[in-house]
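The values are calculated or read from the model by the stated rules, or taken from the named source; none is laboratory data. Note that the structure is predicted; figures quoted are calculated from it, not measured. In this analysis, Cβ positions are derived from the backbone assuming ideal geometry, glycine residues included, and neighbour counts consider all displayed protein chains. Each accessible area value is taken on the protein alone, full model and side chains, heavy atoms only, with ligands, DNA and RNA left out. Shrake-Rupley method; radii C 1.70, N 1.55, O 1.52, S 1.80 Å.
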Amino acid sequence: MPKPIIAIPADFREIEGNVWHAAPHQYVRAALNGSGVMSLLVPALEAGNEPDAILDRVDGLLVSGSRSNVHPTLYGREAVEADGPFDPGRDATSLPLIRRAIARGIPVLAICRGIQELNVALGGTLASEIQDLPGRQDHRKPDVKDLDIAYGIRQTVMVEPGSCLAGVVGAGAVQVNSLHRQAISDLAPNLAVEAVADDGTVEAVSVIGARAFAVGVQWHPEYWVGRDKTSNDLFAAFGQAVRAYSETREPVSQPSA
Ligand SMILES: N[C@@H](CCC(=O)NCCCC(=O)O)C(=O)O
């Protein structure tokens, strides 16, 4: 039985003077080693992607982190300097894929920028530079080159008892990392908060009434898959949901020759 396949929306990135569609290896590695699934990257196009044609061919959606931010016009306000950098191709690709995957009951795991896209895709808003807001801690990526330090586990989040996430990683205090400047502000109508940080920052959500696994986390479990139980449990649960969906997915009918 071949491994199921998930889609990962790529970033539109300038690398060595050219433009690439790229995603960090840590997500592909976590999907393979933690979920037992293969990954296909979806190019970050402002136009041209057809979400349902993509989703017809995969068994899950993994929405990765990125240093870029969702454009504020997508949640009803004008952009200011603090809201950048932007990636309109990523926004135009990721948000429709999220909406259609949830509507079709395709498993979704959304990480960091991904939880922010999930919230915006379903009608919520974001706050920028949250470390400057009263009472908020500094959740930003540490300015170091060593990735084990940058992605170091350094904050406690409280997982809501009875939540979807509690069923995966357990309720109560969980130790996670933190690499973000934005966070959920107005929660989308059909999202439920599943974990919060000490300063009230929303750290995890799930889709109310979702037909399949549909969870977003503000931290980066993908980096520690294979070395951290919480990370392992989250990707294992995503993999289980993807395999369950793959057993029900209709093969794509090829047009007759
Ligand atoms: N841009 C958003 C989301 C942050 C995020 O996804 N961070 C992971 C990438 C870290 C990096 O490579 O810089 C925000 O800042 O809130």
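Model label sites at R249 and A173, defined 7 Å from Cα along the beta-carbon direction, differ in position by 4.0 nm. Principal axis extents of the C-alpha atoms in the chain (largest first, rounded to whole Å): 63, 41, 38.
Solvent exposure of the range 69-198, expressed per residue, is 41 Å² of accessible area, with all protein chains present and a 1.4 angstrom probe. The listed residues R104, R211 rank as R211, R104 when sorted by accessible area, largest first, using a 1.4 Å probe.
Protection proxy ranking of 69-82, 139-152, by the mean of other Cβ atoms within 10 Å over each peptide's residues and highest first, is 69-82, 139-152. Rg over Rh for the range 103-218 works out to 0.96, using Cα positions for both radii and the Kirkwood form for Rh.
Put the Cα centre of the range 75-135 next to the Cα centre of the range 16-74 and the gap is 14 Å. The relative contact order of the range 114-257, computed from alpha carbon pairs under 8 Å that lie at least 6 residues apart in sequence, is 23 percent. Once the Cα-Cα distance is subtracted from the 0.36 nm per residue extended length, the N190 to V144 segment shows a gain of 12.8 nm. For the chain, the carbon plus sulfur part of the accessible surface works out to 53%, probe radius 1.4 Å. P(r) for the range 174-257, from all Cα pairs and a bin width of 5 Å, is 3, 11, 19, 18, 17, 13, 7, 5, 3, 2, 1, 0 %, short bins first. The residues neighbouring M38, those whose beta-carbon lies less than 10 Å from its own, together hold a net charge of 0 under the Lys/Arg +1, Asp/Glu -1 convention.
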